[in-house]
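Worksheet: the structure to be examined is printed underneath.
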There are 2 protein chains.
Amino acid sequence: MKAWSITEPGGVEKLIQEERPTPLPTNGEVLIKVKAFGINRTEILTRENKQLEAPYPVLGIEVAGEIIENRSNRTDLEPGTRVAGLVIQGSYQEYAVMPAEFAMILPENLTYEEGAAIPEVFLTAYQTIYWLGDLKKDESILIHAGASGVGTAAIQMAKQLSDAKIFSTSSRKEKLDKMKELGTDFPINYKEEDIAKRVLEETNDEGVDVILDFIGASYYDLNLKSAKIDSRWILIGTLGGSEVEQFNILDIMQKRIHLKGTLLTPRSNAYKGELTKEFVKNVMPYFATGEIQAIIHEVVDFSELPKAHQMMENNVNIGKIIVKISE
Amino acid sequence: MKAWSITEPGGVEKLIQEERPTPLPTNGEVLIKVKAFGINRTEILTRENKQLEAPYPVLGIEVAGEIIENRSNRTDLEPGTRVAGLVIQGSYQEYAVMPAEFAMILPENLTYEEGAAIPEVFLTAYQTIYWLGDLKKDESILIHAGASGVGTAAIQMAKQLSDAKIFSTSSRKEKLDKMKELGTDFPINYKEEDIAKRVLEETNDEGVDVILDFIGASYYDLNLKSAKIDSRWILIGTLGGSEVEQFNILDIMQKRIHLKGTLLTPRSNAYKGELTKEFVKNVMPYFATGEIQAIIHEVVDFSELPKAHQMMENNVNIGKIIVKISE
């Protein structure tokens, strides 16, 4: 079986395709013939992680494919079933194992590439918006990096499930246009406009109920200004650095802000299983009707995987970068 | 009617007893003959607030007393009923008005002085431990300033309602002894012991589930070390300053901490009413049986009110400073 790992931690050139034994599912797991998988920033961090020691793992955290063997109690996962979901032990490979509770059955209208674009970004967006952000109907939300994988997922769910007033940010016209198409009410070009000023203008000087913050330190002040009293501000990334220069506890107390840090990958299987179950119930029907879509930037062939990493590093994607395994 | 206000913002010497008209209850309110009231730090801040302009308000936010007139739909608040609760328009006076939903009927075994020691500190502690901290049975909690009014209330509820593993801190032996008597498992003298080290030793290196933080900036690092993964860290005071020098978003993300700022006084009447209602249902029975007690440091006569402010500023109290209005 072919799989992608690294020769040693480092740049794109350290990625290597190797022969590995086909993984064996244990009780409670399914074996999947992988048809497609998504690329995530966490894999770039793993690839570059100098603390990592040999033997190096197969990279990747999500797949779409066909069930080959079902070693769980779930009777809806017979061989041949088309599924997508998170995995624990690598996705950049021809076969992968998955805890059965992570498997989402794909609606007929979705391709495997589309299925592979769902798990990580949609589950992360769902977790942050609803489990942590507690977004309620008709509330407002500020989504930074709105054209990213998680951003495009967040915009669609906030609009379709909650009819939220959505603010999202980018610096490129084509990204801002896409956000608007997906449901953003106020796409903001942060190079041309003061984000907090616009948010306050459009919310009667109150600010937003929820902030999805992938940026971190460099946006700390503007997020604080944009946060409403009793708002939920979810920390899920530090693209703009992690060290906040002026953090004043009174600001957080006076606005009664709930500042919540989160990461999805290190969570327990039980947590991810519960999240998957609720997501399937509340959101998968919208994929079946086409009201919510998997947003794919480009599909790259399995043999050209380093190109997919390079693309993510260049940060030009709108939505997901997907790798496809052809027959 | 006699009432305490200020001649101008400033020190204890600016407090003045004046004649004021008896307040008139409007629809939804009750008029109370005040028998006792508690002193809170917020009144010191109001007294010192240079932004305040004349006419200056009657100070104070909580009372215990006898109902004189009931202008609400509540049929259990007939004249003569003994109640305690928060007030909006001053408590340092012989008569006060109270929104009816704030009134807690006092169990027979409690004196007015004890009743006056309940509302602000117990409601604040209940809100922070349960509504914000979501403390569950058998979880662990770190309570700074454990001998304060809110601290003594928090320790008792965390023990009686949740059987929590309780850490609380002080620097004085008599305060540490009192915390232990009230239910603290690990009273920590911060002058003699490293708080975070002790917390980690006693929690299998995991840290605590909930932190009640009255201290702020000067304890930021030790609170971060003491916080468990998925912990709830509630910011309710800045006795140790408010500007955190090194705030790193990754720390909050990696431990998936929920950092929640709060203040009770500026909340809406609806919020305080709901909080009072739940508190009466879940906690007042423990007062009736004596399992939870109002902790009173000293009772001062109405005529000597400045002495009560001085006492609070000296920070020597264990539990509440109460002012009593004699016949």
Margin query: All but one of (1) within 14 Å of chain A (Cβ to nearest Cβ); (2) surrounded by 24 or more Cβ atoms within 10 Å (Cβ to Cβ); (3) polar (S, T, N, Q) hold for residue B:169; state the number of the condition that does not hold.
Written below: (1)
Checklist line | Subset of the stretch B:17-43 (residues that are buried (at least 17 other Cβ atoms within 10 Å of the Cβ) and within 27 Å of residue B:148 (Cβ to Cβ)) | finding: B:32, B:34, B:35, B:36, B:37, B:38, B:39, B:40, B:41, B:43
Next item on the list: Any residue in the stretch A:117-137 that's within 12 Å of residue A:265 (Cα to Cα): show its pairings with residues that are basic (Lys, Arg) and in a helix (DSSP H, G or I) at Cβ separation under 9 Å, as long as the two are six or more apart or on different chains.
Entry: A:123/A:272
Notebook entry, point to check: Checking residue A:276 against (1) among the hydroxyl-bearing types (Ser, Thr, Tyr); (2) surrounded by 18 or more Cβ atoms within 10 Å (Cβ to Cβ); (3) within 11 Å of chain B (Cβ to nearest Cβ), which single condition isn't satisfied?
Noted result: (3)
Notebook entry, point to check: In the stretch A:4-36, what residues are hydrophobic (A, V, I, L, M, F, W, C) and within 10 Å of residue A:96 (Cα to Cα)?
Noted result: A:24, A:30, A:31, A:32, A:34
Next item on the list: Would you check if residue A:60 is surrounded by 17 or more Cβ atoms within 10 Å (Cβ to Cβ) and over 23 Å from residue A:267 (Cα atoms)?
Entry: no
Note to self: Just to be sure before I move on: is residue A:290 of a type outside the set (Phe, Trp, Tyr) and in contact with a helix residue (DSSP H, G or I) (Cβ under 6 Å, 6 or more places away or on another chain) in the structure I sent?
What the structure shows: no
Check: Mind checking whether some residue in the stretch A:187-207 is among the basic types (Lys, Arg) and within 21 Å of the chain's Cα centre (by Cα)?
Finding: no
Check: Looking at this structure, is residue B:291 away from every other protein chain (no Cβ under 14 Å), surrounded by fewer than 18 Cβ atoms within 10 Å (Cβ to Cβ), within 21 Å of the chain's Cα centre (by Cα) and in a loop (DSSP other than H, G, I, E, B)?
Finding: yes
Checklist line | Unique match (being in the same structural domain as residue B:302 (by TED's automatic domain parsing) and closer than 24 Å to residue B:236 by Cβ) among B:51, B:17, B:93 | finding: B:51
Margin query: Suppose the filter is within 14 Å of chain A (Cβ to nearest Cβ) and either over 21 Å from residue B:168 (Cβ atoms) or outside any loop (DSSP other than H, G, I, E, B) (or both); does residue B:270 pass it?
Written below: yes
Next item on the list: Could you pull out the residue among B:35, B:50 that is basic (Lys, Arg) and in contact with a Pro (Cβ under 8 Å, 6 or more places away or on another chain)?
Entry: B:50
Margin query: Looking only at the stretch B:241-267, how many residues end up being at the interface with chain A (Cβ under 7 Å from one of its Cβ atoms), among the aliphatic types (A, V, I, L, M) and outside any strand (DSSP E or B)?
Written below: 6
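In this structure, does residue B:215 turn out to be in contact with a helix residue (DSSP H, G or I) (Cβ under 9 Å, 6 or more places away or on another chain), crowded, with 16+ Cβ neighbours inside 10 Å and facing chain A (nearest Cβ under 7 Å)? Give the derivation first.
On the way: in contact with a helix residue (DSSP H, G or I) (Cβ under 9 Å, 6 or more places away or on another chain): yes; crowded, with 16+ Cβ neighbours inside 10 Å: yes; facing chain A (nearest Cβ under 7 Å): no.
In short, no.
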Next item on the list: Of all residues in the stretch A:1-37, count the ones that are more than 18 Å from residue A:301 (Cβ to Cβ) and either outside any strand (DSSP E or B) or of a type in the set (Lys, Arg) (or both).
Entry: 16
Notebook entry, point to check: With respect to the numbered conditions (1) over 15 Å from the mean Cα position of the chain (by Cα); (2) closer than 26 Å to residue A:318 by Cα; (3) buried (at least 22 other Cβ atoms within 10 Å of the Cβ), which one is the sole condition not fulfilled by residue A:96?
Noted result: (2)
Margin query: Looking at B:24, B:31, B:59, can you tell me which residue is under 23 Å from residue B:117 (Cβ atoms) and more than 22 Å from the chain's Cα centre (by Cα)?
Written below: B:31
Notebook entry, point to check: under 19 Å from residue A:216 (Cα atoms), of a type in the set (S, T, N, Q) and either in the same structural domain as residue A:235 (by TED's automatic domain parsing) or out of contact with any helix residue (DSSP H, G or I) (no Cβ under 6 Å at 6 or more places or on another chain) (or both) - does that describe any residue in the stretch A:172-194?
Noted result: yes
Check: Of the residues A:268, A:303, which is under 19 Å from the mean Cα position of the chain (by Cα) and either loosely packed, with under 14 Cβ neighbours inside 10 Å or among the aliphatic types (A, V, I, L, M) (or both)?
Finding: A:268
Next item on the list: Would you mind stating whether residue B:318 is touching an Asp or Glu at 6+ places or on another chain (Cβ under 9 Å) and either more than 11 Å from chain A (Cβ to nearest Cβ) or under 24 Å from residue B:101 (Cβ atoms) (or both)?
Entry: yes
Notebook entry, point to check: Which pairs do you get when a residue that is aromatic (Phe, Trp, Tyr), found in the stretch B:217-240, comes within reach of a residue that is surrounded by fewer than 23 Cβ atoms within 10 Å (Cβ to Cβ), reach meaning Cβ atoms under 6 angstrom, with the pair 6+ apart or on two chains?
Noted result: B:219/B:240; B:220/B:244
Next item on the list: Specify which of the listed residues (B:82, B:74) is closer than 17 Å to residue B:115 by Cβ, surrounded by fewer than 24 Cβ atoms within 10 Å (Cβ to Cβ), among the charged types (D, E, K, R) and over 15 Å from the mean Cα position of the chain (by Cα).
Entry: B:82
Notebook entry, point to check: What number goes with the only condition from (1) touching a residue at least 24 places away in the same chain (Cβ under 8 Å); (2) in contact with a Ser or Thr (Cβ under 9 Å, 6 or more places away or on another chain) that residue B:249 does not pass?
Noted result: (1)
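The values are calculated or read from the model by the stated rules, or taken from the named source; none is laboratory data. Computed from a predicted structure; not experimentally measured. So basically every Cβ, Gly included, is an ideal-geometry build from the backbone, and we count neighbours across all protein chains shown.
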